[in-house]
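A.B. asks: Dumping the structure here so I can ask a few things about it.
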Amino acid sequence: MSANALTDLSDADLTDIVTGLGGKPFQARQVSHWLWKHGISDFEQMRNVPQALRTALAAKFSPHSTALHKAELAADGTEKLLLKLHDNDNVECVIIPDGERTTLCISTQVGCPVGCVFCASGMFGVRRNLSAGEIVEQVLIARARLPEGRRLTNLVVMGMGEPMLNLDGLLPALQRIHDPDGINLGARRITVSTSGYPKQMERFAEADPSYNLAVSLHAADDELRKELVPTVTSSVAEIVAAADSYFAKKNREVTFEVVLLAGKNDRRIDANNMIGLLRDLPCTVNLIPWNPVDEIVQEHGLGRPSEARVDAFAALLRGGGINVTVRRQRGADRSAACGQLRLQEL
Ligand code: SAH
Ligand code: SF4
């Protein structure tokens with residue numbers, strides 16, 4: 001497949017191209033409808049578009065640039081998709097059904113430059129950013145796999161990559177996902193997770209409309225955080241201030257994510273530091289017991305805390321007045337944390 005995908009074009013660009021090929025603006029809207037509403041990846045299926053225009057478009061573009069490469073279904077219904085990009089690299093997205101809800105987790109980069117010590121996505125650095133079209137195509141591909149009667153209800157940008165380091169791809173992609181003429185998913189059902197880039201978080205806050213923000217905090221003191229997230233240069237205080245200002249601007253409560261690692265950041269002192277840091281902030285802390293990655297267990301000796309330890313940590317935070325949720329394990333029998341399926345492929 002070529003990189004010249006319609007999914008990367010803005011509506012204005014598509015209209016220019018269609019009229020440049022002798023078509024009418026309303027025909028650009030028809031093409032757009034096939035692309036976003038029907039998820040059509042073949043010009044020949046765009047039945048109400050004149051054959052001459054279809055042929056002319058097909059000479060220069062393909063509707064999509066990404067294809068499904070592999071799908072792995074876990075016992076709990078979570079389905080992990082490995083997608084092949086036009087340059088043969090891979091990214092992952094995960095479909096997570098949960099009662100009436102269906103959440104899709106998508107990626108923003110091939111690999112990740114941040115290099116958190118516990119994460120499979122960052123093990124080999126970053127290869128490149130995904131384009132806006134490549135980000136939205138994950139939604140199109142996942143949507144097409146849903147059984148009759150199921151629709152996507154939530155989107156989390158928590159797959160491979162650091163979203164704040166690819167805002168040029170992410171923001172137009174989210175706009176398209178949110179757009180009633182695009183995927184039509186409400187902004188309040190969209191959550192973007194970041195490892196902490198205050199300047200970019202500010203730019204993200206300026207973008208309309210109000211998406212949810214999750215900040216991967218992991219530790220409340222700078223020394224420990226630096227050990228876990230070695231490349232982020234902003235201090236914990238700066239990151240929390242940026243989260244606070246997101247709340248002030250958008251009136252959306254911020255979620256802090258804490259990946260719990262046995263004996264590393266799940267101690268009483270870690271809970272106390274976190275209480276001191278977050279006590280006065282309207283927020284929720286989401287505790288995520290670490291999903292072990294074999295290569296990382298061997299290299300860094302990290303471990304997943306026991307359930308009792310996770311519960312104890314949660315109780316300490318709650319005792320300090322913090323709202324806490326604990327993430328249930330999903331897709332545990334299938335390389336659950338994002339980045340692990342691609343890791344196998346590499
Ligand atoms: N780069 C962004 C978004 C992608 S990671 C960020 O770091 O926030 C999404 C979440 O998954 C983050 O909170 C991250 O800390 C967590 N995560 C990464 N690897 C994990 C693993 N092996 N087990 C559990 N959570 C993990
Ligand atoms: Fe990148 Fe997020 Fe993984 Fe850290 S946790 S390496 S920021 S994807």
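Please treat every number below as a calculation from the coordinates, not as lab data. This one's a predicted model, so the numbers in the text were calculated from it and none came from an experiment. Ideal geometry is used to build each Cβ from the backbone, glycine not excepted, and the neighbour counts take in all protein chains shown.
A.B. asks: Would you please give the residues with an amide H less than 5 Å from that of V254, counting only those at least 5 places away or on a separate chain, with H modeled from the backbone geometry?
C.D. replies: Under 5 Å from the amide H of V254 lie the amide H atoms of T284, each far enough along the sequence or on another chain.
A.B. asks: Here's something else I'd like to know. Based on the Cα gyration tensor of the stretch 118-158, what are the three equivalent ellipsoid semi-axes, each the root of five times an eigenvalue, rounded to whole Å and given largest first?
C.D. replies: 26, 13, 9
A.B. asks: Give me the log10 of I(q) over I(0) for the stretch 85-127 at q = 0.21, 0.22, 0.28, 0.31 Å⁻¹, as the Debye formula computes it from C-alpha points; what are the numbers?
C.D. replies: Evaluating at q = 0.21, 0.22, 0.28, 0.31 Å⁻¹ gives log10 I(q)/I(0) of -0.76, -0.79, -0.96, -1.05.
A.B. asks: What residues of the stretch 165-179 lie in the reach of a label at R203, counting those whose backbone N is under 15 Å from a point 7 Å from the Cα along Cα→Cβ?
C.D. replies: Label zone hits: 165-174.
A.B. asks: Something else: Rank these for me by crowding, I269, I239, I296, going from fewest to most other beta carbons within 10 Å.
C.D. replies: I269, I296, I239
A.B. asks: Quick one: which residues, 5+ away or cross-chain, put their amide H under 5 Å from the amide H of V324? H built at 1.01 Å from N.
C.D. replies: Result for V324 returns V285.
A.B. asks: Mind jotting down a quarter of the surface of the convex hull over the alpha carbons of the stretch 179-247, in square nanometres, one decimal? Each step should come with its number before you reach the end.
C.D. replies: On the way: hull surface 20.1 nm².
The orientation-averaged projected area of the Cα hull of the stretch 179-247 comes to 5.0 nm².
A.B. asks: If you don't mind, there's one more thing I want to ask. Based on other C-beta atoms within 10 Å, arrange H178, H38 from fewest to most. Show your work: numbers first, answer last.
C.D. replies: Values: H178 20, H38 12.
Ascending Cβ contact count within 10 Å gives the list H38, H178.
A.B. asks: Here is a further query. Need one number: % antiparallel among DSSP beta bridges in the stretch 67-345, to the nearest 5. Mind dumping the intermediate values first?
C.D. replies: On the way: 20 of 44 bridges.
Once the DSSP bridges in the stretch 67-345 are tallied, antiparallel ones form about 45 percent.
A.B. asks: Testing the spin-label approximation: label points 7 Å from Cα along Cα→Cβ at D221 and E44. State their distance in nm.
C.D. replies: 6.6
A.B. asks: Normalised by the empirical 2.2 N^0.38 Å for globular proteins, what value does the Cα Rg of the chain take?
C.D. replies: Values: Rg = 21.0 Å, N = 346, 2.2 N^0.38 = 20.3 Å.
The chain yields a ratio of 1.04.
A.B. asks: In 5 Å bins starting at zero, report the fraction of Cα pairs in the stretch 101-202 per bin as a rounded %.
C.D. replies: Binned Cα distances yield the sequence 3, 13, 23, 24, 18, 11, 6, 2, 0.
A.B. asks: From the convex hull of the Cα coordinates of the stretch 39-104, what is the mean projected area in square nanometres? Write out the running numbers ahead of the final one.
C.D. replies: Numbers: hull surface 24.8 nm².
If I average the Cα hull's projected area over directions, I get 6.2 nm².
A.B. asks: Tell me, in nm to one decimal, what length is gained between S245 and E299 on full extension, where the rule is 0.36 nm per residue of separation less the Cα-Cα distance? Please list the in-between numbers first.
C.D. replies: On the way: separation 54, 0.36 × 54 = 19.44 nm, distance 3.76 nm.
Roughly 15.7 nm would be gained on extension.
A.B. asks: Tell me which trypsin sites (Lys or Arg not before Pro) from the stretch 1-68 have a DSSP coil assignment and no more than 10 other beta carbons within 10 Å of their own.
C.D. replies: On the way: sites: R29, K37, R47, R54, K60; in loops: K37, R47.
Those satisfying the criteria are R47.
A.B. asks: Cα-based Rg of the stretch 6-60 per 2.2 N^0.38 Å, rounded to two decimals? Provide the component values of the computation, followed by the final result.
C.D. replies: Numbers: Rg = 9.8 Å, N = 55, 2.2 N^0.38 = 10.1 Å.
Normalised by 2.2 N^0.38 Å, the Cα Rg of the stretch 6-60 equals 0.97.
A.B. asks: Determine the relative contact order of the chain: mean sequence separation of Cα pairs under 8 Å and six or more apart, normalised by residue count, in whole percent. All intermediate terms of the calculation are to be shown ahead of the outcome.
C.D. replies: Working: 663 pairs, mean separation 51.7, N = 346.
RCO, the chain: 15 percent.
A.B. asks: Using every pair of alpha-carbon atoms in the stretch 202-325, split the distances into 10 Å bins beginning at 0 and state the percent of pairs per bin, rounded to integers.
C.D. replies: Here the calculated profile for the stretch 202-325 is 13, 43, 33, 11, 1.
A.B. asks: For the chain, what does the helix formula give at 222 nm: sum of -39500 (n - 2.57) over DSSP H segments with n ≥ 4, over the residue count, nearest 500 deg cm²/dmol? Don't jump to the answer; show the numbers that get you there.
C.D. replies: Details: 12 runs with 126 residues, N = 346.
For the chain, the value works out to -11000 deg cm²/dmol.
A.B. asks: Could I ask something else about it? Cut-off is 10 Å between beta-carbons; in what order do E307, E72, E100, E92 appear when sorted fewest neighbours first?
C.D. replies: Numbers: E307 11, E72 17, E100 7, E92 28.
Placing the least packed residue first, the sequence is E100, E307, E72, E92.
A.B. asks: Related question: Step through the table entries K37/K84; K70/K249; K37/K250; K70/K199, compare each Cα-Cα distance with 32 Å, and write down the pairs that go over it.
C.D. replies: Numbers: K37/K84 22 Å; K70/K249 41 Å; K37/K250 29 Å; K70/K199 36 Å.
Exceeds cut-off: K70/K249; K70/K199.
A.B. asks: Running Debye on the stretch 1-128 with equal point scatterers at the Cα sites and no solvent, what base-10 log of I(q)/I(0) appears at q = 0.12, 0.14, 0.22 Å⁻¹?
C.D. replies: Rounded to two decimals, the profile gives -0.61, -0.77, -1.21.
A.B. asks: Cα centroids of the stretch 202-279 and the stretch 49-84: how far apart, whole angstrom?
C.D. replies: Each part reduced to its Cα centre gives a spacing of 36 Å.
A.B. asks: Here's a follow-up. Given axes a ≥ b ≥ c from the Cα gyration tensor, I'd like to know whether the stretch 210-255 is rounded (a/c under 1.5), prolate (a/b larger than b/c) or oblate. Can you show the working numbers first?
C.D. replies: Details: a/c = 2.84, a/b = 2.31, b/c = 1.23.
The shape class here is prolate.
A.B. asks: Pop the C-beta distance of S306 and L21 into the FRET formula with R0 = 56 Å and round what comes out to the nearest 0.05.
C.D. replies: On the way: r = 63 Å, r/R0 = 1.12.
With a Förster radius of 56 Å, E is 0.35.
A.B. asks: Which FRET efficiency value, to the nearest 0.05, do you get for F124 and S235 by plugging their Cβ-Cβ distance into 1/(1 + (r/R0)^6) with R0 = 25 Å? Please list the in-between numbers first.
C.D. replies: Working: r = 27 Å, r/R0 = 1.10.
Once rounded, the FRET efficiency stands at 0.35.
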